[in-house]
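*Asks:* A single structure is presented below for examination.
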Amino acid sequence: MSSTPTAVIIGVGPGLGMSMARRFGSEGFRVALVSRNDARHESYLKDLAAQGIDATAHAADVADRARLKSVLADIASDGDIELAYYGPASAHHPIPLTEMDADTARSAFDWIWPAVDMVHDVLPAMLARGSGALLFAGGLSSVRPMPMLGHLALPSAALRNYAVTLHAALADRGVYAGTLTIGGLIERGDIHSMVTADPDRYGSPDGHTLDPDQLADTAWDMYHSRDRAEEVFDVFSG
């Protein structure tokens, strides 16, 4: 087993996920990338290798409980998981709250259960060592009313509450938990690419974007300083 700490990036994409991989990799972490399919893994690994970052890539749909558990176990067998980051986007399209029934509301939480499963799988070893970190990426609708996100606002609020409560629960046990609450279009990400490719449909993103490298820098500072449970990024205020 390697003595190099591992950063697991769940839901990796070309925006924030890869920025997280580069940032923690530059600090000496071995990086394990996890995403739904492996179509872009080769390019991700080449990118990281060019920067001297040791990385592996794993295909797993986070909604597949058995597969996610197996992948996390495989990663842990090669070295301690020091950081587990949960950042996949929801696969659902917003349904207005005024049209939502209980089944619709429950379906939105499909995005939350894998985060809980991730923690369940990696936290025991962290507690046994007395070191480690859990980081999450959520949305601004968890702290501000954003009706346009409809039923997706519900799991966003739940994820934030889960993260900040974990932060409090783990405060004196050597393990850090925190969340990035993101209100803005993340540059280089898939949604950013979709919006910029069709401005007539989605409008101009000018003034509404966030640099994923800066978000990753903040995530590193949160991990390193462990002095706060949350950072909020809001390009819509004012």
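*Asks:* Taking Glu231 and the conditions (1) closer than 20 Å to Arg22 by Cβ; (2) open to solvent by less than 30 Å² (accessible area, probe 1.4 Å); (3) at pLDDT 75 or above, which numbered condition does it fall short on, given that it satisfies the others?
*Replies:* Tallying (1) closer than 20 Å to Arg22 by Cβ; (2) open to solvent by less than 30 Å² (accessible area, probe 1.4 Å); (3) at pLDDT 75 or above, Glu231 fails exactly one: (2).
*Asks:* Do you know which residues across region 171-184 are farther than 16 Å from Val232 by Cβ, in contact (Cβ under 8 Å) with a residue 40 or more places away in the chain and either open to solvent by 20 Å² or more (accessible area, probe 1.4 Å) or in a loop (DSSP other than H, G, I, E, B) (or both)?
*Replies:* Arg173, Gly174
*Asks:* Still on this structure, please answer the following. Could you figure out which of (1) free of Cβ contacts under 8 Å to residues at least 12 places away in the same chain; (2) within 16 Å of Ala163 (Cα to Cα); (3) not basic (Lys, Arg) isn't true of Gly87?
*Replies:* (1)
*Asks:* Okay, next question. Would you check if Val31 is closer than 23 Å to Ala153 by Cβ and at pLDDT 95 or above?
*Replies:* no
Matching residues to (1) open to solvent by 40 Å² or more (accessible area, probe 1.4 Å); (2) free of Cβ contacts under 8 Å to residues at least 24 places away in the same chain; (3) closer than 25 Å to Ile112 by Cα:
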| position | (1), (2), (3) |
| --- | --- |
| Asp54 | yes, no, no |
| Ala57 | no, no, yes |
| Ala60 | no, no, yes |
| Arg65 | yes, no, yes |
| Leu68 | no, no, yes |
| Glu82 | no, no, yes |
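*Asks:* Among the listed residues His151, His120, which satisfies the condition of being of a type outside the set (A, V, I, L, M) and surrounded by fewer than 21 Cβ atoms within 10 Å (Cβ to Cβ)?
*Replies:* His120
*Asks:* Still on this structure, I have one more. Condition test on Ile75, is it within 17 Å of Val119 (Cβ to Cβ) and crowded, with 17+ Cβ neighbours inside 10 Å?
*Replies:* Yes.
*Asks:* With the condition being of a type outside the set (Gly, Ala, Ser) and touching a Lys or Arg at 6+ places or on another chain (Cβ under 7 Å), I'd like the helices (runs of 4 or more DSSP H) fully within region 35-140 carrying at least 3 qualifying residues.
*Replies:* Correct list: 113-129.
*Asks:* Based on this model, can you work out whether Leu48 counts as open to solvent by less than 10 Å² (accessible area, probe 1.4 Å) and over 17 Å from the mean Cα position of the chain (by Cα)?
*Replies:* Against the criterion (open to solvent by less than 10 Å² (accessible area, probe 1.4 Å) and over 17 Å from the mean Cα position of the chain (by Cα)), Leu48 qualifies.
*Asks:* Further question on the same structure: Return only the number of the condition from (1) assigned to a helix (DSSP H, G or I); (2) open to solvent by 20 Å² or more (accessible area, probe 1.4 Å); (3) out of contact with any Leu (no Cβ under 7 Å at 6 or more places or on another chain) that Leu166 does not satisfy.
*Replies:* (3)
The values are calculated or read from the model by the stated rules, or taken from the named source; none is laboratory data. It should be emphasised that the depicted structure is a prediction, and the values quoted were computed from it without experimental measurement. Please note: Cβ atoms are built from the backbone with ideal geometry, for glycine as well, and neighbour counts cover all protein chains shown. Just the protein is used for accessible areas: all its heavy atoms, side chains included, with ligands, DNA and RNA removed. Shrake-Rupley method; radii C 1.70, N 1.55, O 1.52, S 1.80 Å.
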